[in-house]
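Notes follow the structure.
The values are calculated or read from the model by the stated rules, or taken from the named source; none is laboratory data. Everything numeric in this text was worked out from a predicted model, so none of it was measured. Accessible surface areas use protein heavy atoms only, side chains included; no ligands, DNA or RNA. Shrake-Rupley method; radii C 1.70, N 1.55, O 1.52, S 1.80 Å.
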Amino acid sequence: LMDAIPVVIELGLSIDVWQEELPMPINEEIKLAIEQIDWKNDIYVLADVIKTLGEIDDLNEVVSNPINLLSKENEGAIKDVILNLADLSLFTKMIPAVVEYALELEEVKELVGDATVDLSNIVWEEELVKVSEIFSVFHTLSHDITSLLFVDESNAGEVIDGVNLDALNDLVLQVFELSLMEELFEPIMNIAVAQIEDEEIREMLNFDFDN
């Protein structure tokens with residue numbers, strides 16, 4: 001059965017009608033990534049993910065309001081899911097191929113400019129361990145994490161006063177230690193600057209990342 005999975009997928013991807021339903025065309029890089037997926041391993045990993053998701057506090061409420069995933073009660077389960085992604089070849093093989101495809105889209109090129117992204121050297125197991133640690137630090141930012149996502153004029157002062165500045169410093173430092181951030185920082189900054197309407201401010205923030 002396991003040996004049949006890649007054969008069935010390859011057959012499905014060769015059918016024009018099915019290709020038209022896919023969110024993106026299947027180029028050579030994506031085909032190669034699919035060929036490298038360890039389906040036997042991934043089925044067991046996905047079983048662990050499903051088991052872990054079943055441990056989430058009040059799963060029905062989370063489905064209707066995903067913001068509840070950030071609750072303290074769900075921290076352990078979400079960390080486990082993040083770590084499981086490191087063992088999921090479907091994730092680690094496809095992400096670089098999908099990012100490379102996205103960067104070739106004209107609308108993306110207009111936003112990121114000449115920025116290049118190379119995810120091929122990222123050790124995903126190590127990277128996702130760091131992400132899980134960042135998730136833990138995130139939970140120490142405030143006694144009510146969800147309040148940080150709903151700041152307005154009426155509660156801004158109270159929310160800011162409740163932020164743990166030491167945790168915020170640790171969070172920023174750990175984020176910038178990610179290899180992923182090193183690769184994505186330039187395109188992220190280019191996208192952010194492109195959203196600024198004031199041309200003078202855009203020019204001031206037009207960093208030269210090569211120097």
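List of remarks:
- When nucleic acids and ligands are ignored and a 1.4 Å probe is applied, ASP38 ends up with an accessible area of around 80 Å².
- Above-threshold pairs, the threshold being 25 Å between Cα atoms, out of LYS40/LYS93; LYS51/LYS79; LYS40/LYS79; LYS40/LYS72; LYS72/LYS93: LYS40/LYS72; LYS72/LYS93
- Heavy-atom accessible area ranking, 1.4 Å probe, most first, across ILE37, ILE95: ILE95, ILE37
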